[in-house]
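Nothing in this text is a laboratory measurement; each read-out follows from the coordinates by a stated rule. On a predicted model such as this, the values are computed, not experimentally measured, just so you know. So basically every Cβ, Gly included, is an ideal-geometry build from the backbone, and we count neighbours across all protein chains shown.
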Ligand code: SF4
Ligand code: SF4
């Protein structure tokens, strides 16, 4: 059954740590592990100190952010490519209190009133990608979060170029290329590994990278 945004938020909320990736002003990537998140049905909130490079990278990049969550137990990976923005000033205190009440260990890091040096960010829009590499074949879904847009990824057969040699079907490690009802080969995107083996072996150049 197709996953919903709430399914993915619920899966994320069950986990303990998340990788947050940003880019700095020179375009270099930076990743850190964050454990203090607060989930709402339409938003994800998180806290960091205003002086941290993390906050600077978010502010200087217009909030560009990727969050990665992985469950070793279930082999689920959830990627959220998104935009984070600072919570409005008049709501900062409220959301800091919510965050600290849920993750009380934060008081060890920012005791007493020192959590005033922090800032809450919120993510409302993005692109979710969920995949499970333990299923056979693997399973993948991309769904929008809020006003986010899903960008096509992977590979597609160009029917006008396909000579129906069947090579792609033979070399696919997931066996997810088949003859379609229109008489040309098609890739089942929901189970494609994005490995590109079909793309590399197609003798007619009929497989395009999205
Ligand atoms: S390998 Fe290329 S030409 Fe051959 S069936 Fe696949 S897409 Fe068509
Ligand atoms: S990209 Fe890999 S998994 Fe996807 S259809 Fe091609 S060979 Fe199969």
**Request:** Would you look at the GNM of the chain, springs on alpha carbons closer than 10 Å, and say which of 55, 69, 182 moves the most?
**Result:** 182
**Asked** What ratio of Cα Rg to 2.2 N^0.38 Å holds for the stretch 131-179?
**Response** 1.48
**Request:** Describe numerically, in nm with one decimal, the distance between label points set 7 Å from Cα along Cα→Cβ at residue 93 and at residue 105.
**Result:** 2.9
**Complete:** Rounded to one decimal in nm, the spacing of the 7 Å Cα→Cβ label points at residue 156 and residue 53 is 3.9
**Asked** What does a probe at residue 147 reach in the stretch 42-68, counting residues whose amide N is under 17 Å from the point 7 Å along Cα→Cβ?
**Response** 42-44, 62-65
**Message:** With n ≥ 4 as the cut-off for DSSP H runs, can you work out [θ] at 222 nm for the chain, using -39500 (n - 2.57) per run divided by the number of residues, rounded to the nearest 500?
**Reply:** -5500 deg cm²/dmol
**Request:** Could you bin all the Cα-Cα distances of the stretch 61-185 into 10 Å bins starting at 0 and give me the percent of pairs in each, rounded to whole numbers?
**Result:** 10, 24, 27, 19, 9, 9, 2
**Fill in**
Binned at 10 Å starting from 0, the alpha-carbon pair-distance distribution of the stretch 155-209 in whole percents comes out as 29, 64, 8
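Taking 2.2 N^0.38 Å as the expected size of a compact globular protein, what ratio does the Cα radius of gyration of the stretch 7-68 give against it, to two decimals?
This ratio for the stretch 7-68 stands at 1.15.
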**Fill in**
Between the Cα axis of helix 89-102 and the main Cα principal axis of the chain, the angle (0 to 90°, nearest 10) is 80
**Message:** If every alpha-carbon in the stretch 78-127 counts as one equal scatterer, what log10 I(q)/I(0) does Debye give at q = 0.21 1/Å?
**Reply:** -0.80
**Item:** Mean separation of Cα contacts under 8 Å, 6 or more apart, over the residue count of the stretch 79-210: relative contact order %
**Value:** 23
**Request:** Can you tell me how much longer the chain between residue 165 and residue 33 gets when fully stretched, taken as 0.36 nm per residue apart minus their C-alpha distance, in nm with one decimal?
**Result:** 42.9 nm
**Message:** Using the Kirkwood radius over C-alpha pairs as Rh, can you work out the diffusion coefficient of the chain via Stokes-Einstein at 4 °C, viscosity 1.567 mPa s, in µm² per second?
**Reply:** 67
**Request:** Show me 202-210, 42-50, 105-113 ranked by packing, highest mean number of other Cβ atoms within 10 Å first.
**Result:** 42-50, 202-210, 105-113
**Item:** Cα centroid separation - the stretch 17-41 against the stretch 117-149, whole Å
**Value:** 13
